[in-house]
Amino acid sequence: MLDVGCGAGHFAAAMTRARVDGARLAEVVAIDVAREPLRRAETAYPDLDLDLRLAQPEAPLPLEDSSFDVVWVGETIEHVHDTAAFLSELRRVLRSGGLLLISTPDHGPVSLFWLALHPRRFAERFQVRSDHLRFYNLRALADLLEDFGFEDVLIRRAGGLPGARRLLLAAAGRRRF
């Protein structure tokens, strides 16, 4: 399993610790484009032998072709400048029939309506200096994944209770050769 944009390593650590019938559920590789989150992951989980790797922004991933059954991209795709290259790289490292899992903030009609009612929050969300470069809704994310060779795309919304942000949770398969 590959954890892209692993941050402080919480997901990678949870997956490394996960067991099924006593056996490790997955071997996990965790990558990020910044050294500091990787350092925090090493500090937070010294008991785990996490496979942490530094990736260069906007460069090919330092990973072999077709080397992962699952790729997890949690709260990362909205920060990527070249989405086409990014998705092509994710597809490249996924094995035929592999599974891509993505979470990203939801900018669907309900979220946009709520923001429209609160101009200060609207301005904060779409602040030009924000590190969010893309804003996805369900249809846009589904179309994007299908355009890049993913199939059986399933997206659902999560969250949205008062005080909680709404997320899009996507699962998509890499087409078999």
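Couple of notes before you dig in:
- Scan of the range 63-83 for residues that are part of a loop (DSSP other than H, G, I, E, B) and at pLDDT below 95, ordered by number: 75, 76, 80, 81, 82
- Residue in the range 46-63 that is closer than 22 Å to residue 151 by Cβ and free of Cβ contacts under 8 Å to residues at least 60 places away in the same chain present: yes
- Matching residues, the range 10-33, being within 15 Å of residue 71 (Cβ to Cβ) and not in a strand (DSSP E or B): 11, 12, 15, 26, 27, 28
- Taken over the range 108-123, the residue count meeting the criterion of being exposed (fewer than 12 other Cβ atoms within 10 Å of the Cβ) and at pLDDT below 75 is 4.
- The set of residues in the range 125-148 being in contact with a helix residue (DSSP H, G or I) (Cβ under 6 Å, 6 or more places away or on another chain) and at pLDDT 90 or above consists of 148 alone.
- Filtering the range 158-175 to residues that are modelled with pLDDT under 90 and among the basic types (Lys, Arg) leaves 165, 166, 175.
- Of the residues making up the range 59-85, those that are among the acidic types (Asp, Glu) and either within 20 Å of residue 134 (Cβ to Cβ) or surrounded by fewer than 12 Cβ atoms within 10 Å (Cβ to Cβ) (or both) are 64, 65, 75, 78, 82.
- Qualifying residue in the range 97-119 (condition: in contact (Cβ under 8 Å) with a residue 60 or more places away in the chain and of a type in the set (S, T, N, Q)): yes
The values are calculated or read from the model by the stated rules, or taken from the named source; none is laboratory data. These numbers come from a predicted model, not from an experiment. Glycine gets a Cβ as well: all are built from the backbone with ideal geometry, and neighbour counts include every protein chain shown.
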